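Rule-based calculations on the coordinates, nothing more; no lab input. Quantities reported herein were computed from a predicted structural model and do not represent experimental measurements. Counting neighbours? That spans all protein chains shown, and the Cβs are built from the backbone with ideal geometry, glycine included.
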Amino acid sequence: MTIFPKMYSVLCVVLLPILLSQQVDAAAVISIDFGSEWMKVGIVSPGVPMEIVLNKESKRKTPAVVAFRDDVRTFGEDAVTVGVRFPKNSYKYLLELLGKTYDHPLVQLFRKRFPYYEIVESDRGTIEFVHDDKTKFTPEELVAQILAKAKDFAEINHGQQISECVITVPGYFNQAERRALKEAASLAGLNVLQLINDYTAIAINYGIFRRKEINETAWYTLFFDMGASSTKAALVEYKTVKIKDKGYVETVPQLQVLGVGFDRTLGGLEMTLRLREHLIKAWEANGGGDVRASPRAMEKLFREAERLKVVLSANTEFYAQIESLLDDKDFKLQVSRAELEELCADLWERVGAVVRRAVSAAGGAGAGARLVVAGGGSRVPAVLAVLADAVQHEPARSINADEAATLGAVYRAASLATGYKVAPLNVRDAVLLPIQVVFTRHADGVDKLVKRTLFGPMNPYPQKKVITFNKHTEDFSFNVNYAELDHIPSTELQYIGALNLSEVSLSGVSAALGKHVGENVEHKGIKAHFNMDDSGILNLVNVEFVAEKTVTEDEDKDSTLSKIGSTISKLFGSDSETPEKTEEQPQGEAKNDTQKLNETTTDKQNSTETDSNPKPKIVILKEPIKSEELVLNLQPLSTDQFKNSKAKINELNTIDKKRVQRETALNNLEAFVVDAQMKIDMEEYAECGTEEEIEEIRKLCSETSEWLYDDGYDADTELFEQKLNALKEKTHPIFYKHWEHRERADAVSAIRNLLNSSKEFLKMSKNFTKESNEEKDVFTEVEIGVLEKKIEETETWLEKAIKEQKALKKNEDVKLTVDSIREKMANLDREVKYLLNKMKIWRPKKPVKKDADNKTEEVVIEPTENPETQEEAPQDDSGADDKPEEEVKEMDTKEESTEPPLQLSDGQAEHSEL
């Protein structure tokens, strides 16, 4: 493992113990860092620390590509190879197509970059790839197949079924894009525990190795991540906080995202495309022909430009070379790093802008934060130079640029999954796209449009929010939209898509209000409860009408319903909810908790001074309101659409399974034919069969081999298996006899060793009978006789069987089989073990005592749990029963402690060993 010893020690201490002897029923969970170009998979399973899953080529990352050719579906490197020859059949850079309408600017940019794909509009308004006359694929279906392959890699590596995962997602993804990725994961058979922002996953990976540095004093780190398609920067705060998630207050380390900047089209792909254009112009300048008209030639140039970009990150110049680029003409061109930097000159300023936006979004916090880089694009020297200039210090490369997000996400997966205990790390992400509620209120004879911010820019999440409507008495509706986006650069606004998210229609409002009327009832309005979950997806939890009823002490005793309502109100009034704001109260005038507490205390004091009588009780009354939510920006998959997509993927899986079964059957038959032909030509095998049998096998192998390379190569799985079974049936008697003759010598040697040791034990045992020694009457004469008879029978059988076997030829039926020898050994071993066990538990009789009447009393020493270690121990009659009860209890408490093992303090991490 190429990892520094100190870091590996921390890895083992922080990560292996976090999986603390997990529960037996704990299942493996994975993380999938799904990028535009590459996919990495992390896994954590019982007893195994988190690690990167290797693909079938034993590599740690896999191209996020799926291809189809001649009814064969391939992934990763194989799909890339298919794409060079048949670009239209290989699908790549799919992440940025999720959750997009056909007319979305990023879809049009994709079509411009890769013109050989045929893309049409689907019934939902999204896009579909036209694969052939019968088949179309949506981005969700293609992504689902790649995610399923990631799941397959993990299951093959760890030999168990996997269903739960955490998937990284670009932090700038909107609601539609996040839902689309979750739908793709569902199509892949994965239960998504969380969609985690990629920079947040990197921050987790960075923080878990620095837990001992996190204290009540906040410190900051600025993470920069340039990938294939986009660039992100996030300013993160680390400090300890007090939380009460488990019913009691505890201090835990926390990371909180304070500011984020991003550029959706700035990445390694843009550099590659510019290099490709440079190569195309050089080719055209030399009269090479119209290379743009050939998708295959364009794909070759794209692959060479990608390779060239990577090489120029470490070298100042390099040659681009392509054999038979077009019309059997080769292409060769020397390209320098300076040329690449000049081609991308306008991109470098955008790199610095991303960092500045992240710092600005944090509102001035995090001055002097350390800059840590991740992502493949961060290796470009020009990018590092711009970053150093932007932050006035050298960027740190203290994390694995490729795998930090994967490992951070799998740590998060372990904390969310059942059966794992992880060192706590509280995570608070930030909202990039603010969300507001918009509704119409009728006042003074006119309708007024009212907007209320639900989640503002950089608001932390996960979090619950409540919006109160206290002027509506009839059924009404409201909209959930993106709020003001002044903090988003104008170049990025076009990529957000539709700003209207959903419309919520409420019914039964007047009926709910009518159920709770009276002088002692005060209406508190219609409350809509929202939740921004861990995945950054907004959910409408429920809508309800709330009222307060003032009751006297007598009424309260008679009102069971009131008591239930009060209990329910306490449940809903948790600390996790944001204080509710009414329509009349402007947002800027919202009272904080301290002001409310002071006012409440003053009211209670005044009440006590003026009225000694107890105050009437207030009961919270709640009535559910029916709500229907209509998604406006991009409709999620309907039930039928989901079933159709799932059926399409299952059909492809079935085809793959049958193909693998056929290939396995073919390989098994080919291998067995070659193996059989080789063995029957060896004397040691040939002498185990008759000449007729050997000749028949040779003929059958020859016929099968010829059939395989002629008509048989296109046969089905069942025919391959039939041919293989026929060969095995003919060769089995010979191969079996050869195995018996080869293994017999070792088996005979083993049984003779057992006979010798049994004889020695028998000789010793005869001295432990009552007849030979009254003080050591361990065995009876009958027991000794049984063992002696078994030894004699076994020895006689062995010598006779060996003699009979030697009289036979090797091609005759075996007389002395290895199984028969094993059976005899087991029978003899059983008799010896019986006597050995009896000897272990035997104890000598205690000396005879006499009582007052001169009668003898025989006392037997009882065996203990470990008689071998207790046999020589002196007897202790000092009165253990007189030990104080408290002392016994203390010992019992220590033995039965339920404190989990391997609980680590922050200071132990670096000095502990695995």
request  = Neighbouring Cβ atoms within 10 Å as the yardstick, rank Lys810, Lys244 fewest first.
outcome  = Lys244, Lys810
request  = Could you run the Debye sum over the Cα atoms of the stretch 617-759, one equal point scatterer each and no solvent, and tell me log10 of I(q)/I(0) at q = 0.16, 0.17, 0.19, 0.20 Å⁻¹, two decimals?
outcome  = -0.94, -0.99, -1.10, -1.16
Gyration tensor (Cα) of the stretch 169-319, equivalent ellipsoid semi-axes in angstrom = 44, 21, 12
note = Excluding residues fewer than 8 positions from Lys56 in its own chain, the lysines with Cα under 21 Å of it are Lys40, Lys92, Lys149, Lys151, Lys657, Lys658
Gap separating the Cα centres of the stretch 158-201 and the stretch 125-150, nearest whole Å = 17 Å
remark   = P(r) over all Cα-Cα pairs of the stretch 145-258, 10 Å bins from 0 to the longest distance, whole percent per bin, short to long, reads 12, 31, 32, 22, 2
ask   = Residue separation times 0.36 nm, minus the C-alpha to C-alpha distance between Val252 and Arg698: what's the value?
value = 153.2 nm
ask   = So, in nm, how far is label Thr780 from label Thr217 when the simple model puts each one 7 Å beyond its Cα toward the Cβ?
value = 8.2 nm
task = For an R0 of 51 angstrom, estimate the FRET efficiency from the Cβ-Cβ distance between Lys763 and Gln677 and round to the nearest 0.05.
result = 0.40
query = Among all the lysines, which ones have a C-alpha under 28 Å from Lys759's C-alpha, if same-chain residues fewer than 8 places away are not counted?
reply = Lys770, Lys776, Lys789, Lys790, Lys800, Lys803, Lys806, Lys815, Lys824, Lys833, Lys838, Lys840
inquiry  = To make sure I understand, if each residue's beta carbon is the centre and we count other beta carbons within 10 Å, what order do Arg412, Arg274, Arg178 fall in, fewest to most?
reply    = Arg274, Arg178, Arg412
query = Size of the stretch 92-223 along its principal axes in angstrom, Cα-based, largest extent first?
reply = 61, 39, 23
key: Neighbour-count order for Asp813, Asp198, fewest beta carbons within 10 angstrom listed first   = Asp813, Asp198
query = the stretch 326-390 to the stretch 703-759: how many Å between their Cα centroids?
reply = 62 Å
query = FRET efficiency for Ile537 and Thr440, Cβ-Cβ distance as r, R0 = 30 Å, nearest 0.05?
reply = 0.70
request  = Enumerate the lysines that Lys421 could reach by cross-link, defined here as Cα to Cα under 16 Å, with residues fewer than 8 away along the same chain left out.
outcome  = Lys246
task = Go ahead and run the numbers for FRET between Leu630 and Leu106, Cβ-Cβ distance against an R0 of 22 Å, rounding to 0.05.
result = 0.30
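Once you have the alpha carbon radius of gyration of the stretch 642-862, what is it after dividing by 2.2 N^0.38 Å, with N set to its residue count? Present the calculation step by step, with values, prior to reporting the outcome.
Values: Rg = 30.9 Å, N = 221, 2.2 N^0.38 = 17.1 Å.
Computed over Cα atoms of the stretch 642-862, the ratio equals 1.81.
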